[in-house]
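**Student:** Can you read through this structure? Questions will come right after.
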Amino acid sequence: MELKDCFSINKENNVWTVFIPYQFLSLPSCQLNGKVHRNCHRIYVLSVGMLDNNLDAQVVGEWTCDISQPIRYLNKISSENIWISVYKLDTGQLDCILISGKSRTCVDCILFNPQNILESYFLQSSDMIQDENNMIQDENNMIQPLVSYSTVICDNENQQHSASSQIINYLNNINMSSIFLQVLTVLYSLLTVLIDNRFTRTGLLKSITEIPSFCQHLILKKKKLYSAKTSKNKLFETQNVVSQTVLDVLLGILVMIFLTQNGWIDSITTHFFLWTEKVASELDILLNWLMGAPAGLKLNKPLTEFLGHFFMYHIYLWKGYLHLLKPPVFNTLLWCSSCVGVLGLSAQICLLKDIISTTTLHIYCYYVYAARLYRLQVYVLSALWRLFRGKKWNVLRRRVDSASFDVDQLFVGTLLFTIFLFLLPTTALYYTVFTLLRMVVLLFQGFLSTVVYIINHVPMYSILLWVIGSNKVSGEISLEVVLSDKMTDCQVFSLQVHKVPLRKIMKMSSSNQIDSMSQPLLSWQHFLLNLMKGHLVYPWIDLHKQL
């Protein structure tokens, strides 16, 4: 039975609900102290024995193992007071009597364990706990008062322990994760002091620090640590961030040890330069194929030869650029990159993305040149097409208006339209080929970005707790009926706390994420339209242009 449904029925039937902790029933006969909420017909037992002045509570009843006279204080009850008497029957089952004024009222007794409730990250989250005034006003919310009063019960029990026990409890309650989070925040603040300050947030320096993935990773990591400190679910988020960071660092150190041992860096360097030479030769073959009659297409020979030799010259420049990186320069760069493992595997992957961007710079240059040339032709053809229809683009109003043109303008427009139209297939072919090459590089970098996202955002600690069934990830509350004597007016329930679904854990973790995308996301439709029109898709995509 759901907790909320039970309370709704009780309120409609004018039935009172009494919350009693399990541990109080193991004590001998004693006085019960608690809080009475008349507007929602609830009583919360907070302590037993003598009433503590520091505890905001009142005497609400008694617990006794002797059923001969369960209501010993019946004569002292006024017409405005409420008194509960909890006792055991001869069968060992629990029974409860509630006296409101001088009349007996039906009651539901709910037994719960405050410690199980307080162990849950979800039930203790700040968005579920409010002050007492808000609790009383929100009659339909059952979790808030239960969590708050469980805290009062546990705190009151801890105060009754000896001084040595209190010290031990204090030491156990020290959150080492919060201390570690503070250390990580200071560390990443020092690492990003040169790339994330008031001077690098504007102007040219902003563009320079936003391009490298490694710089973005450090800045976003610092923001994530700060967000964990200010999160609504601070304890939950702190544990996840610290566990993610520790796992990330351990994996990074393992990769660093793997690369620096047994000559792996020299082997990687050798294979890398063999791969670059093969790529350069394949690009030469591709350009020679495009300069001929690719797939039987009849292209403009002067233009295709000009573009082919232009791109071949860039391959020549790229080979000279790679020649400067040959050992021992590239070996030193790899060794320094592997040492980044002390910051985590995600930092190494981000640095690998930057290395890929640097080594494939020629492919990006080809793509930019071809895209700009293709975009220019598409723009000119669209303007000339408007000229034939008696239209023109109004730059001030940013719309298409009617216009009149003379014969000379139409003649020149027709001549230019014919030239650009017949040159478009040649340009479009080069643009398509180099765009596909660019997409291959972006797909591989996107795969690396996904790995970084999984390392930095998937709550490994919470998932592990969910797998082992820990109370820390419990949050679903249900009531189980406890067998009782059918002749009594009291129905006894046992409050059980169950672990939440895994999708809720993932959703709770993603609500505090810092998005690693510095630019707004596009739909597939807009992405394809940008490709067709020749806009640069990544990075520096011009999202302000009208599609």
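**Student:** Write out the trypsin sites (Lys or Arg not before Pro) in segment 222-311 meeting two conditions: DSSP loop, and at most 10 other Cβ atoms within 10 Å of their Cβ.
**Tutor:** When the trypsin sites (Lys or Arg not before Pro) of segment 222-311 are filtered for loop state and at most 10 Cβ neighbours within 10 Å, 298 remain.
**Student:** A follow-up question, please. Would you mind checking 229/472; 221/472; 223/507; 35/472; 221/504 for any pair whose Cα atoms are more than 22 angstrom apart?
**Tutor:** In this structure, 221/472; 35/472; 221/504 lie more than 22 Å apart at Cα.
**Student:** Still on this structure, I have one more. Which trypsin sites (Lys or Arg not before Pro) in segment 361-397 pass both tests, a DSSP loop state and at most 14 other beta-carbon atoms within 10 Å?
**Tutor:** Within segment 361-397, the qualifying trypsin sites (Lys or Arg not before Pro) (loop, at most 14 other Cβ atoms within 10 Å) are 389, 397.
**Student:** Take 385, 393, 524 and sort them by solvent-accessible surface of the protein heavy atoms, 1.4 Å probe, largest at the top.
**Tutor:** Putting 385, 393, 524 in descending order of accessible area: 524, 385, 393.
**Student:** Quick one: 3J(HN,Hα) in Hz for segment 442-459, Karplus 6.51/-1.76/1.60 with θ = phi - 60°, rounded, Gly and Pro as x.
**Tutor:** In residue order, the calculated couplings are 5, 5, 5, 5, x, 4, 5, 5, 5, 4, 4, 4, 5, 5, 9, 10, 6, x Hz.
**Student:** Compute the Cα gyration tensor for segment 428-469, then decide on rounded, prolate or oblate, letting a ≥ b ≥ c be the square roots of its eigenvalues: rounded whenever a/c is under 1.5, prolate when a/b is larger than b/c in the other cases, and oblate in all that remain.
**Tutor:** In terms of gyration-tensor shape, prolate.
**Student:** For segment 228-284 and segment 304-383, what is the centre-to-centre distance using only Cα atoms, to the nearest Å?
**Tutor:** Segment 228-284 and segment 304-383 have Cα centres spaced 20 Å from each other.
The values are calculated or read from the model by the stated rules, or taken from the named source; none is laboratory data. Remember, predicted model here, so these are calculated numbers, not experimental data. Note that each Cβ is placed from the backbone with ideal geometry, even for glycine, and that neighbours are counted across all protein chains shown. SASA here: full protein model, heavy atoms, side chains in, ligands and nucleic acids out. Shrake-Rupley method; radii C 1.70, N 1.55, O 1.52, S 1.80 Å.
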